[in-house]
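Trainee: This structure is in structure tokens; I'll ask about it shortly.
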Amino acid sequence: MSFGRHGSKIRLVPLDTERHFDNCVRWLNDPQVTVWMLTGDYPITRMAEKEFFERHANPGENKADLVLAIETLTEEEEHIGICGLHNISYRHGTGIVGLTIGRPKLWGQGFGGDALCTFTEYAFDVLGLRLVITEAFAENERSVRMIRGAGYAEVGRIPQRYWKRGAYRDMITFIKQRG
């Protein structure tokens, strides 16, 4: 099944409860996956994730948020993550992107960077945005490298921005402008 927005390693596709729901619930309750996410410190119930899926199942109805599944381009079309563009402002041409690769065995293999590049390109070319923002915990060196590798520029750091796993953590803000 070849549909969705393709990168070199991944495809971004609409959320599908049958194909993506169970993975998302599992990942959001996996401390290894959520260690650098703003969520994941409290258990995510199936009911809460179902509400999330229902809100984002029809992207045309929720103009301020777009959430897509990340799948590999292999024959098996493995679901490996999720990405979202949030607080979309068509007036200002901006949005905030975030993503998670939920399969730790695939970390460091370029899937996240490809997904970020592909989603950013979609935000510019299809949605008409001019500026995309993302953040990463300063201690999350893998994500910081990925974001920089996708062409984002660091624009600031907020010391002790979020409480995560027993300490206040610094957050780095990055932007990418339509080129």
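Trainee: Please verify whether region 154-170 includes one or more residues that are open to solvent by less than 40 Å² (accessible area, probe 1.4 Å), at pLDDT 95 or above and part of a helix (DSSP H, G or I).
Mentor: no
Trainee: Further question: Being among the β-branched types (Val, Ile, Thr) and under 21 Å from GLY40 (Cα atoms) is true for just one of THR94, THR120, THR74, THR100. Which residue is that?
Mentor: THR100
Trainee: Hey, among the residues in region 102-128 that are in contact with a His (Cβ under 9 Å, 6 or more places away or on another chain) and assigned to a loop (DSSP other than H, G, I, E, B), which one's farthest from THR74 (Cα to Cα)? Walk me through how you get there before you give the answer.
Mentor: Of the residues in region 102-128, the ones in contact with a His (Cβ under 9 Å, 6 or more places away or on another chain) are 102-103, 118.
Retained after the next criterion (residues that are assigned to a loop (DSSP other than H, G, I, E, B)): 102-103.
Details: GLY102: 17, ARG103: 15 Å.
Within region 102-128, the match that is farthest from THR74 (Cα to Cα) is GLY102.
Trainee: A further question follows. How many of the residues making up region 43-83 are loosely packed, with under 12 Cβ neighbours inside 10 Å, closer than 22 Å to GLY110 by Cβ and acidic (Asp, Glu)?
Mentor: 2
Trainee: Then there's this: Could you pull out the residue among VAL144, VAL97, VAL132 that is within 18 Å of HIS6 (Cα to Cα), of a type outside the set (S, T, N, Q) and in contact (Cβ under 8 Å) with a residue 24 or more places away in the chain?
Mentor: Going through VAL144, VAL97, VAL132 in turn, just one is within 18 Å of HIS6 (Cα to Cα), of a type outside the set (S, T, N, Q) and in contact (Cβ under 8 Å) with a residue 24 or more places away in the chain: VAL97.
Trainee: In region 1-42, how many residues are at pLDDT 90 or above, open to solvent by 40 Å² or more (accessible area, probe 1.4 Å) and farther than 20 Å from ARG142 by Cα?
Mentor: Summing the residues that are at pLDDT 90 or above, open to solvent by 40 Å² or more (accessible area, probe 1.4 Å) and farther than 20 Å from ARG142 by Cα in region 1-42 gives 10.
The values are calculated or read from the model by the stated rules, or taken from the named source; none is laboratory data. Please read all numbers here as calculations on a predicted model, not as lab measurements. As a convention, Cβ positions derive from the backbone with ideal geometry for all residues, glycine included, and neighbour counts pool all protein chains shown. Note: areas computed on protein heavy atoms with side chains; ligands, DNA, RNA excluded. Shrake-Rupley method; radii C 1.70, N 1.55, O 1.52, S 1.80 Å.
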